[in-house]
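The values are calculated or read from the model by the stated rules, or taken from the named source; none is laboratory data. Fair warning: this is a prediction, and the values are worked out from it, not measured in the lab. Note that each Cβ is placed from the backbone with ideal geometry, even for glycine, and that neighbours are counted across all protein chains shown.
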């Protein structure tokens with residue numbers, strides 16, 4: 001039963017997705033048939049959020065309201081309005097929530113630059129933390145690596161004498 005439900009839902013979702021793709025393709029084909037360059041319009045469709053479908057741009061919103069917005073944008077571009085003027089008009093009508101990206105002022109600046117600043121601070125913190133994890137040299141290794149200024153310790157002298165004695169015994173046996 002669950003497998004059937006999942007399969008039916010998957011087919012519905014895939015059908016909706018292909019329908020949206022076809023709808024977008026039809027709009028592009030219609031623009032080519034009319035003989036107009038739709039590049040500016042498509043760019044605006046992707047930059048402006050749909051007031052009818054929360055979380056979707058005008059380009060991807062399937063509602064009839066979004067269709068009318070797309071036609072309005074195309075008509076305004078055909079009349080010679082600039083994309084900046086159209087964007088400003090939509091912000092005046094719908095508020096800044098219609099913009100796909102936050103503006104570069106007040107909190108918008110923070111939203112744009114916060115990820116980079118956090119990344120830099122994170123890398124600095126990681127570097128400092130990794131430096132604290134470096135192994136410290138062992139006391140025996142540190143003593144062997146540094147030259148003795150006072151001469152060999154009694155333990156070192158005893159080991160040296162024992163080594164020389166064993167080497168002499170090895171030479172006699174061999």
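Going through the range 92-139 one residue at a time, which ones are over 21 Å from the mean Cα position of the chain (by Cα) and modelled with pLDDT under 80?
Within the range 92-139, 105, 106, 134, 135, 136, 137, 138, 139 qualify.
For the range 57-72, what are the residues that are touching a strand residue (DSSP E or B) at 6+ places or on another chain (Cβ under 9 Å) and either assigned to a loop (DSSP other than H, G, I, E, B) or without any contact (Cβ under 8 Å) to a residue 12 or more places away in the chain (or both)?
Of everything in the range 57-72, those that are touching a strand residue (DSSP E or B) at 6+ places or on another chain (Cβ under 9 Å) and either assigned to a loop (DSSP other than H, G, I, E, B) or without any contact (Cβ under 8 Å) to a residue 12 or more places away in the chain (or both) turn out to be 58, 59, 61.
Listed here are the residues, each with its yes/no results for (1) assigned to a helix (DSSP H, G or I); (2) more than 30 Å from residue 95 (Cβ to Cβ); (3) modelled with pLDDT of 80 or more.
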{"residue": "9", "(1), (2), (3)": "yes, yes, no"}
{"residue": "27", "(1), (2), (3)": "yes, no, no"}
{"residue": "55", "(1), (2), (3)": "no, no, yes"}
{"residue": "74", "(1), (2), (3)": "yes, no, yes"}
{"residue": "77", "(1), (2), (3)": "yes, no, yes"}
